[in-house]
Amino acid sequence: MTTSNPRPSRVSSTWLFAVWLVFAALLPHAAIAQAATQGLSDTDKQQIKDYNLNEDVFGRLLAATKEARTQGIHSQANPDPSKVHSLDDLATQAMAGDPRIAPLIKKYGFTPREFMLANIALVNAAIVVQSRNDPAMSKSIDQSKVNMANVAFYESHQEQIAALMRGDK
């Protein structure tokens, strides 16, 4: 999913590493995550749309997020958009942010690329849900790129996501 006009006023100036690891912390910063995918190829964008969240992936994302908090892995600097031309480029920048990241996601059965796909798919679903209460944000969403199965999955797991955002165990 892409947006035609991300709303920078809704986000901080720092692009959180959370798009990769601490996805719950990213939700208020969703427009920046969307902007990061603008330079991706049509093939990568289609793979993001086609990626289907499921209980296994979600459980591993939750576990990785909780462990990242335990290890003290926090937000990193903005990715360099001039160096992001593919999901692999985005994953490479994410892994370079902290040497603990790659082993952590591997522990939970993710490749860097799949970790990116899963997180972006989840964030995209969150954006769609959030946009329902924001007409201006809703207008910026390209509905042809929305994976409604992921939106439904996100909606059915909002309580767990909210608990994670609060730092509940």
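The values are calculated or read from the model by the stated rules, or taken from the named source; none is laboratory data. Computed from a predicted model, the values in this text were never measured in an experiment. Cβ atoms come from the backbone with ideal geometry, glycine included; neighbour counts cover every protein chain shown. All accessible areas refer to the heavy atoms of the entire protein, side chains included, with ligands and DNA or RNA removed. Shrake-Rupley method; radii C 1.70, N 1.55, O 1.52, S 1.80 Å.
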- Query: So residue 154 clears everything in (1) at pLDDT 85 or above; (2) of a type in the set (Ser, Thr, Tyr); (3) surrounded by fewer than 20 Cβ atoms within 10 Å (Cβ to Cβ) except one condition, right? Which one?
  - Reply: (3)
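Which of the following residues is in a helix (DSSP H, G or I) and buried (at least 17 other Cβ atoms within 10 Å of the Cβ): 136, 125, 162?
On the way: 136 fails: buried (at least 17 other Cβ atoms within 10 Å of the Cβ); 162 fails: buried (at least 17 other Cβ atoms within 10 Å of the Cβ).
Within the list 136, 125, 162, the selection yields 125.
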- Message: Taking the criterion of being polar (S, T, N, Q), under 14 Å from the mean Cα position of the chain (by Cα) and at pLDDT 70 or above, would at least one residue in region 64-71 satisfy it?
- Response: yes
- Task: Evaluate the following for residue 58: is it assigned to a helix (DSSP H, G or I), over 26 Å from residue 41 (Cβ atoms) and under 14 Å from the mean Cα position of the chain (by Cα)?
- Result: yes
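Restricting to region 80-98, give me the number of residues that are under 17 Å from residue 111 (Cβ atoms), hydroxyl-bearing (Ser, Thr, Tyr) and open to solvent by 30 Å² or more (accessible area, probe 1.4 Å). Steps first, please.
Narrowing region 80-98 to residues under 17 Å from residue 111 (Cβ atoms): 86-97.
With hydroxyl-bearing (Ser, Thr, Tyr) added as a condition, the list becomes 86, 92.
Right, trim to open to solvent by 30 Å² or more (accessible area, probe 1.4 Å) and you get 92.
Selection size over region 80-98: 1.
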